[in-house]
Amino acid sequence: MGSHVHPATIPWKIITNIWANIKSRFLQKHLPLVIIKYPINNSKKAPSTMKNLLIFTVTLLIPLCSCSQTENTDTDEPVIPPPSNNYVLQGSMQGSAELVEAGYTQIHQYMRKIGWDYSEHPNSSSLDHKDGVHGEVIYDLFIRQYIFKLSIHANEKALDGDRGKLIDRQRNEMKTQTTPSWYKLNGNWDEWQQLKWKFKIPKDFRPSGSFTHLHQLKAQEGNNGSPVITITARSNGNGSNRRIQIIHNGDTEETTKGTIIDNLPLEDFEDEWIQVETEMHYTHNGSFSITLSRLSDGKRLVQRSFDDIDLWRKGAISIRNKFGIYRSFGKTLTDENDRPTNGIKDEHILLADFKVYEKNTNPDPQPHD
């Protein structure tokens with residue numbers, strides 16, 4: 001790099017220009033400054049105290065600003081690099097202003113046009129809590145988007161079920177479609193896929209001790225019982241040790257790894273927008289990586305990768321992506337007036353900014369063992 005002008009020789013006008021540059025660039029995104037050398041002249045003198053302060057600030061910040069742009073700090077919002085290595089955007093979804101105060105049918109119709117689906121919720125059956133509000137679109141000031149709010153109920157007056165069945169669990173989820181025209185949003189054999197989205201759960205979120213899935217990768221066809229990957233909230237029976245887990249189920253018991261990430265404190269996630277980035281290679285000897293970053297302070301809550309992991313299901317065509325709240329009552333209910341005793345209560349999850357990328361796209365997905 002070239003030599004710098006000694007700060008004592010920089011005229012007052014130039015110093016104030018540099019200070020404006022610092023405020024607009026360095027203090028916002030820590031971008032390096034471009035400092036132009038000026039010849040010495042006889043410009044007006046500034047008040048000595050202020051000028052000395054600015055000279056000191058410029059002297060301090062010029063070398064700092066010349067550092068690499070790739071520097072990461074704990075206070076920056078995480079910078080999500082554009083997909084590389086031939087990844088192609090297959091689809092994306094955000095909420096829309098037209099859906100504010102709209103019903104679940106309009107939300108479902110909106111999603112269907114762009115490859116998603118909202119059909120697995122309590123309003124979908126007359127045998128369920130059909131009159132309750134479970135899906136909404138609202139505006140979020142922090143991420144400055146229209147977002148999806150999915151609510152689920154467990155109280156004395158209302159208990160949501162699972163698509164009309166009030167037995168041992170309840171569900172309110174959105175998902176990618178599984179028709180051939182939308183296979184591109186799902187994981188097909190030997191494809192690489194990246195999923196990116198944001199979620200937020202409220203303070204004092206109470207998970208079930210059995211399971212509370214917030215995200216699932218689940219086969220549509222073939223051996224489609226257990227999800228391949230879940231992001232799961234869980235607690236002990238008394239509500240202690242509230243945590244986030246990442247759980248894997250292989251095609252067989254021998255290829256199942258179980259809980260691959262555990263004991264991420266739920267307090268780190270509550271009332272915070274979380275950016276999720278996952279990458280999958282859909283084979284029996286595939287790979288899986290996940291990064292969870294908190295948007296308010298840029299803190300990376302987890303970043304892990306796993307190789308030689310079974311990410312396929314015998315007989316499957318596609319692995320679909322599911323988002324919402326799917327949780328256990330912790331017992332089988334005896335009748336419609338029975339209630340869970342595991343401490344669960346009314347909850348909601350906010351979801352936003354979905355993006356699906358692929359490479360090595362399978363042009364004609366078929367059932368594969």
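The values are calculated or read from the model by the stated rules, or taken from the named source; none is laboratory data. Bear in mind that the values here come from a model prediction, so they are computed numbers and not experimental data. Please note: Cβ atoms are built from the backbone with ideal geometry, for glycine as well, and neighbour counts cover all protein chains shown.
See the values below:
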read-out: Verdict on LEU351 being in contact (Cβ under 8 Å) with a residue 40 or more places away in the chain, under 30 Å from PHE142 (Cβ atoms), among the aliphatic types (A, V, I, L, M) and out of contact with any Ser or Thr (no Cβ under 8 Å at 6 or more places or on another chain); value: yes
read-out: Selection status of ASP204, of a type in the set (Asp, Glu) and not in a strand (DSSP E or B); value: yes
read-out: Count - residues of the range 213-237 that are in a loop (DSSP other than H, G, I, E, B), touching a residue at least 12 places away in the same chain (Cβ under 8 Å) and either farther than 21 Å from THR252 by Cβ or not aliphatic (A, V, I, L, M) (or both); value: 10
read-out: Residues of the range 322-349 satisfying the condition of being surrounded by fewer than 20 Cβ atoms within 10 Å (Cβ to Cβ), part of a strand (DSSP E or B) and not hydroxyl-bearing (Ser, Thr, Tyr); value: HIS348
read-out: Residue within the range 238-256 that is among the charged types (D, E, K, R) and in contact with a His (Cβ under 8 Å, 6 or more places away or on another chain) present; value: yes
read-out: Filter result (closer than 30 Å to GLU267 by Cβ and touching a Lys or Arg at 6+ places or on another chain (Cβ under 7 Å)) within the range 178-196; value: LYS196
read-out: Conditions (1) more than 30 Å from PRO367 (Cβ to Cβ); (2) over 22 Å from the mean Cα position of the chain (by Cα): number failed by ASN224; value: (1)
read-out: Residue match in the range 293-313 (condition: assigned by TED's automatic domain parsing to the domain that holds GLY95, in contact with a Phe, Trp or Tyr (Cβ under 9 Å, 6 or more places away or on another chain) and among the β-branched types (Val, Ile, Thr)); value: yes
read-out: Filter result (buried (at least 22 other Cβ atoms within 10 Å of the Cβ) and in a loop (DSSP other than H, G, I, E, B)) within the range 304-316; value: LEU311, TRP312, ARG313
read-out: Evaluation of SER210 against (1) more than 24 Å from SER328 (Cβ to Cβ); (2) touching a strand residue (DSSP E or B) at 6+ places or on another chain (Cβ under 7 Å); (3) not in a strand (DSSP E or B) (one fails), failing number; value: (1)
read-out: Any hit, the range 197-204, residues being closer than 15 Å to ILE261 by Cα and in contact (Cβ under 8 Å) with a residue 12 or more places away in the chain; value: no
read-out: Residues being over 26 Å from SER210 (Cβ atoms) and of a type in the set (Ser, Thr, Tyr) - total across the range 139-179; value: 4
read-out: Residue match in the range 231-239 (condition: of a type in the set (S, T, N, Q), closer than 24 Å to PRO340 by Cα and surrounded by fewer than 20 Cβ atoms within 10 Å (Cβ to Cβ)); value: yes
read-out: Residue in the range 254-274 that is crowded, with 18+ Cβ neighbours inside 10 Å, over 18 Å from ASN321 (Cβ atoms), among the charged types (D, E, K, R) and under 18 Å from the mean Cα position of the chain (by Cα) present; value: yes
read-out: Residue list for the range 95-113, filter: surrounded by fewer than 13 Cβ atoms within 10 Å (Cβ to Cβ) and of a type in the set (D, E, K, R); value: GLU98, GLU101, LYS113
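The rows are residues; the columns are (1) closer than 21 Å to TRP182 by Cβ; (2) at pLDDT 90 or above; (3) not in a loop (DSSP other than H, G, I, E, B).
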{"site": "LYS37", "(1), (2), (3)": "no, no, no"}
{"site": "LYS51", "(1), (2), (3)": "no, no, yes"}
{"site": "THR59", "(1), (2), (3)": "no, no, yes"}
{"site": "THR73", "(1), (2), (3)": "no, no, no"}
{"site": "GLU98", "(1), (2), (3)": "no, yes, yes"}
{"site": "GLU101", "(1), (2), (3)": "no, yes, no"}
{"site": "ASN123", "(1), (2), (3)": "no, yes, yes"}
{"site": "GLY132", "(1), (2), (3)": "no, yes, no"}
